[in-house]
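Peer 1: Next up is a structure, given as structure tokens.
The values are calculated or read from the model by the stated rules, or taken from the named source; none is laboratory data. Just so it is clear, the structure is predicted and the values come from calculations on it, not from any experiment. Every residue, glycine among them, receives a Cβ derived from its backbone with ideal geometry; neighbour counts consider all protein chains shown.
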Amino acid sequence: MAKIFRKIRQNMIKDKKVINYLLYAIGEIILVVIGILIALSINNSNELRKTQEAEKVYLKEIKSDLIQDTLLLSQVIQDHKWRIAQLMSQDSTIDFIFEEIIGKLPKVAGVSELEYIFFTDRKFRPKIGTYNAMISEGKSNIISNRELFNTIQNIYELEAQNIINIGDDVLDRSNELRNKYAYEIKYGDFSSPIKITDKGILADIYISSRQLNYYTRQSVSLKKSITELIELIDIEYQSLEKNNQS
């Protein structure tokens, strides 16, 4: 093909058909440019497809982590509701529970040992491996829907971190009270189920109830946010699937 074009150019020059030669040269340049643009378009299309496939992998793994988080949050919420009910069985003046948010509390007769009142509860720790890997590898831009990425970032770096901080406070409080009442826990004379009348202990129970109530409500809120995020990820994943098929 190159030999044919070369021969045509040489014949045009010999015949002094300068204008025709210039037109031909321009046409040849245009053809070359079109060929380059087509090649670039194909290459860009392939790169976009590869990027979208990688994006789908990240979204799928983040969704899997988030589902595990909702399961753990459900356990945390249930455990804390049980603990709140136990604390309330010791102090009937506790009336700040928001059951429309956390749901009805289980019915309990009380607890048989003082230690259980200040027992360390289950804490929430999110599965954050996929998100951290994406950030540390500098691939946050791989999620093309920036609004979706911002939502994911908010869940992990703000809402989940808030729950972690509250959980740490609850743990510190539980350890503090178990140490504070170590003597009563070991040697106290309580009936079964116990009914505490000591005002100092009741005051601490009241504060612990408020803390657990707040932790539980925030856990419910986080679970709702994560559930909504999972739905958004599903929508984005399906959109990427359609783009790859077209």
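Peer 1: Collect the residues in segment 92-109 that are surrounded by 13 or more Cβ atoms within 10 Å (Cβ to Cβ), touching a Ser or Thr at 6+ places or on another chain (Cβ under 9 Å) and at pLDDT 75 or above, keeping them in residue-number order.
Peer 2: The answer is ILE101, ILE102, VAL108.
Peer 1: Shifting gears a bit: If you check SER219 against the conditions, is it touching a Phe, Trp or Tyr at 6+ places or on another chain (Cβ under 7 Å), farther than 26 Å from GLY129 by Cα and touching a residue at least 12 places away in the same chain (Cβ under 8 Å)?
Peer 2: No, not satisfied.
Peer 1: Among the listed residues ASN150, ASN162, ASN175, which satisfies the condition of being farther than 23 Å from VAL220 by Cβ and at pLDDT 80 or above?
Peer 2: ASN175
Peer 1: Kindly indicate whether any position in segment 154-165 is closer than 27 Å to LEU240 by Cα, within 16 Å of the chain's Cα centre (by Cα) and outside any helix (DSSP H, G or I).
Peer 2: no
Peer 1: I need a count of the residues in segment 52-69 that are crowded, with 17+ Cβ neighbours inside 10 Å and among the β-branched types (Val, Ile, Thr).
Peer 2: Here the count works out to 1.
Peer 1: Among the residues of segment 145-176, write down those that are of a type in the set (A, V, I, L, M, F, W, C) and touching a residue at least 60 places away in the same chain (Cβ under 8 Å).
Peer 2: LEU148, ILE152, ILE155, ALA160
Peer 1: Can you tell me which of (1) surrounded by fewer than 13 Cβ atoms within 10 Å (Cβ to Cβ); (2) of a type outside the set (Ser, Thr, Tyr); (3) at pLDDT 90 or above is the one GLN218 doesn't meet?
Peer 2: The one condition GLN218 does not meet is (1).
Peer 1: Within segment 110-119, identify whether any single residue is aliphatic (A, V, I, L, M), modelled with pLDDT of 90 or more, assigned to a helix (DSSP H, G or I) and surrounded by 13 or more Cβ atoms within 10 Å (Cβ to Cβ), and answer yes or no.
Peer 2: Scanning segment 110-119, I find no residue that is aliphatic (A, V, I, L, M), modelled with pLDDT of 90 or more, assigned to a helix (DSSP H, G or I) and surrounded by 13 or more Cβ atoms within 10 Å (Cβ to Cβ), so the answer is no.
Peer 1: Take segment 120-144 and flag every residue that is free of Cβ contacts under 8 Å to residues at least 40 places away in the same chain and part of a loop (DSSP other than H, G, I, E, B).
Peer 2: GLU137, GLY138
Peer 1: Would you pick out the residues in segment 169-220 that are of a type in the set (S, T, N, Q) and in a loop (DSSP other than H, G, I, E, B)?
Peer 2: SER191, SER192, THR197
Peer 1: Let me ask something additional. Within segment 235-242, is there a residue that is surrounded by 16 or more Cβ atoms within 10 Å (Cβ to Cβ), within 30 Å of GLU61 (Cβ to Cβ) and modelled with pLDDT of 85 or more?
Peer 2: So far as segment 235-242 goes, yes, one or more of its residues are surrounded by 16 or more Cβ atoms within 10 Å (Cβ to Cβ), within 30 Å of GLU61 (Cβ to Cβ) and modelled with pLDDT of 85 or more.
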